[in-house]
Amino acid sequence: MADFNQPLGGNEMPRFGGPATMMRLPTQPTAAGLDVAFIGVPLDIATSNRPGTRLGPRQIRDESRMLRPYNMATRAAPFDSLQVADIGDVPINTFHLPKSVDIITAFYDEVLSHGCVPLTLGGDHVITLPILRAIAKKHGPVGLIHIDAHADVNEHMFGEAIAHGTPFRRAQEEGLLAHGKVVQIGLRGTGYAAEDFDWCRQQGFRVVTAEECWYRSLAPLMAEVREQMGDTPVYVTFDIDGLDPSVAPGTGTVEMGGLTSAQGLEIVRGAAGLNIVGGDLVEVSPPYDPSGNTALMGATLLYEMLCALPGVKRRD
């Protein structure tokens, strides 16, 4: 265990002190020597409603100070198993979205060259597209577990092909997603046409609406997802608006009737055992939740993604 970085404990430094990194982990400038890197992408210039997700990575890191190294529910011990650090933020160009998309892909190309698994603090949901471009270069088309209120498969937004509502249409068109290995969970709300989710189904995506999740444990669903994915490399992308705004109000495009926080945990914990090659938590917008609760949800879900990665030991 001494060979691995450890989060700074609350008995060594008060939780309101210490480094402002994810889980108060050590930081380093690159992914060299790491099994897993936490990375921030402070971008919100692709949003269509309320902005503020450029501030998401900073608040997620701040609220992550409450997280401890051992998962008491799953017995996962990620910091006994993997070398993990926070490598800071992608230096996006906040005045030019297309340039930012290319900057993100190049950054993740470098991270992946070290054999490192990226876990990303967003940032709006457009960031998943350039990350998937880098992931697919290394791993080929990947399975996708996508938790969201929205399908994010618009053809265009205001005539633009790249925006936070278009990434998964572009990813499908570019061949970044493995056929028959895409699951979207939590979709809901109003639409511009009754068929808005049908494009996803026509591509072979499995669409699990929020209404199908109401009053249920999602553990059986995730057992089916594990069987569906098999040993295919899998990417997990969690839009915080997949959760109901009663527990995660700090986001840009809220929709009522979402997943509970417990269901969010069931989904991410249920991905354990899959060949997860990366993940992200996006769309936390701190100005709309000064309490920090939304960011705490995000930080906790990122920790659970870490616990679900291949190679993480479980303590009996």
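Coordinate-derived values only; no laboratory data. Predicted model only: the values in this text are computed from it and were never measured. Neighbour counts are summed over all protein chains in view; Cβ atoms, including those assigned to glycine, are modelled from backbone coordinates with ideal geometry.
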> What FRET efficiency do you get for His114 and Thr27 if R0 is 22 Å and r is their Cβ-Cβ distance, rounded to the nearest 0.05?
Replying inline: 0.90
>> Please report the net charge: other residues with Cβ closer than 13 Å to the Cβ of Phe4, K and R +1, D and E -1.
In response: -2
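For the stretch 1-50, which chymotrypsin sites (Phe, Trp or Tyr not before Pro) are in a loop by DSSP, counting at most 13 other Cβ atoms within 10 Å? Intermediate results must be reported in sequence, preceding the final value.
Values: sites: Phe4, Phe16, Phe38; in loops: Phe4, Phe16.
Here the chymotrypsin sites (Phe, Trp or Tyr not before Pro) that fit, given the DSSP loop and packing criteria, are Phe16.
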> Can you give the translational diffusion coefficient of the stretch 194-264 in µm²/s, computed by Stokes-Einstein from the Kirkwood radius over Cα pairs at 20 °C and 1.002 mPa s?
Replying inline: 155 µm²/s
> Can you give the extra length, in nm with one decimal, that the chain gains between Glu227 and Arg314 once fully stretched, where that is 0.36 nm per residue apart less the Cα-Cα distance?
Replying inline: 29.2 nm
> Per q in 0.12, 0.18 1/Å, what log10 I(q)/I(0) does a Debye calculation on the alpha-carbon atoms of the stretch 68-124 return?
Replying inline: -0.42, -0.75
> Rounded to the nearest 0.05, what FRET efficiency is calculated for Phe4 and Lys138 with R0 set to 25 Å and r the Cβ-Cβ distance?
Replying inline: 0.60
> What does the charge count near Ser291 come to, summing +1 for each Lys or Arg and -1 for each Asp or Glu among other residues with Cβ under 14 Å from its Cβ?
Replying inline: -3
>> Please give the charge dipole size of the stretch 245-316, origin at the Cα centre, charges +1 on K and R Cβ atoms and -1 on D and E Cβ atoms. Round to the nearest 20 debye.
In response: 360 debye
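Dividing the alpha-carbon Rg of the stretch 223-294 by 2.2 N^0.38 Å yields what? Walk me through the intermediate numbers first.
Values: Rg = 13.8 Å, N = 72, 2.2 N^0.38 = 11.2 Å.
Its radius of gyration relative to the 2.2 N^0.38 Å reference: 1.23.
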>> Under a crude label model (7 Å from the Cα following the beta-carbon direction), how far is Phe95 from Arg75 in nanometres?
In response: 5.6 nm
>> Using alpha carbons only, how many angstrom separate the centre of the stretch 102-142 from the centre of the stretch 291-316?
In response: 19 Å
> To two decimal places, what compactness ratio does the stretch 166-316 give when its Cα radius of gyration is scaled by 2.2 N^0.38 Å?
Replying inline: 1.04
> Amide H of Ser113: which non-local residues (sequence gap of 5 or more, or other chain) have their own amide H closer than 5 Å, using H built in the peptide plane?
Replying inline: none
> Quick one: if you stick a label point 7 Å off each Cα along the C-beta vector at Arg201 and Met13, how many nm between them?
Replying inline: 5.2 nm
>> Give me the dipole magnitude in Debye, nearest 20, for the chain about the Cα centre, with unit charges on the beta carbon: positive for Lys and Arg, negative for Asp and Glu.
In response: 720 debye
> With each run of n ≥ 4 DSSP H residues scored as -39500 (n - 2.57), what mean residue ellipticity at 222 nm is computed for the chain after dividing by its residue count and rounding to the nearest 500 deg cm²/dmol?
Replying inline: -8000 deg cm²/dmol
> More than 13 Å apart: what percent of Cα pairs in the stretch 1-62 qualify?
Replying inline: 70 percent
>> So if a site counts as exposed when it's one of the GluC sites (Glu not before Pro), its DSSP state isn't H, G, I, E or B, and it has at most 13 other Cβ atoms within 10 Å, what's the longest stretch of the chain without one?
In response: 13-154
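Are there chymotrypsin sites (Phe, Trp or Tyr not before Pro) in the stretch 152-255 that DSSP marks as loop and that have at most 15 other Cβ atoms within 10 Å, and which are they?
Numbers: sites: Phe158, Phe168, Tyr192, Phe197, Trp199, Phe205, Trp214, Tyr215, Tyr235, Phe238; in loops: Phe158, Tyr192, Phe197, Phe205, Trp214, Tyr215.
For chymotrypsin sites (Phe, Trp or Tyr not before Pro) across the stretch 152-255 that sit outside H, G, I, E and B with at most 15 neighbouring Cβ atoms in 10 Å, the list reads Phe158, Tyr192, Trp214, Tyr215.
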> Which lysines, on any chain, are close to Lys313 with Cα under 29 Å apart, when same-chain ones fewer than 8 places away are left out?
Replying inline: Lys137, Lys138, Lys181
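Treating only the Cβ atoms of Lys and Arg (+1) and Asp and Glu (-1) as charged, compute the dipole magnitude of the stretch 153-209 about its Cα centre; round to the nearest 20 debye.
Values: 6 positive and 7 negative charges, 61 e Å.
Roughly 300 debye for the stretch 153-209.
Relative contact order of the chain, please, whole-number percent, based on alpha carbon pairs below 8 angstrom and at least 6 residues apart. Walk me through the intermediate numbers first.
Details: 715 pairs, mean separation 69.1, N = 316.
RCO, the chain: 22 percent.
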> If Lys and Arg each add +1 and Asp and Glu each add -1, what is the summed charge of the other residues whose beta carbon sits under 15 Å from the beta carbon of Glu227?
Replying inline: +1
>> Can you compute the radius of gyration and Dmax for the chain, using only the Cα atoms, both in Å?
In response: 17.8, 56
> Given the stretch 1-133 reduced to its alpha-carbon atoms as identical point scatterers, what log10 I(q)/I(0) does the Debye formula return at q = 0.09, 0.17, 0.19, 0.22 Å⁻¹?
Replying inline: -0.28, -0.93, -1.09, -1.30
> Projected onto the charge dipole of the stretch 62-135 (+1 at Lys/Arg Cβ, -1 at Asp/Glu Cβ, origin at the Cα centre), which of Ala76, Asn93, Cys116 gives the Cα projection farthest towards the positive end?
Replying inline: Ala76
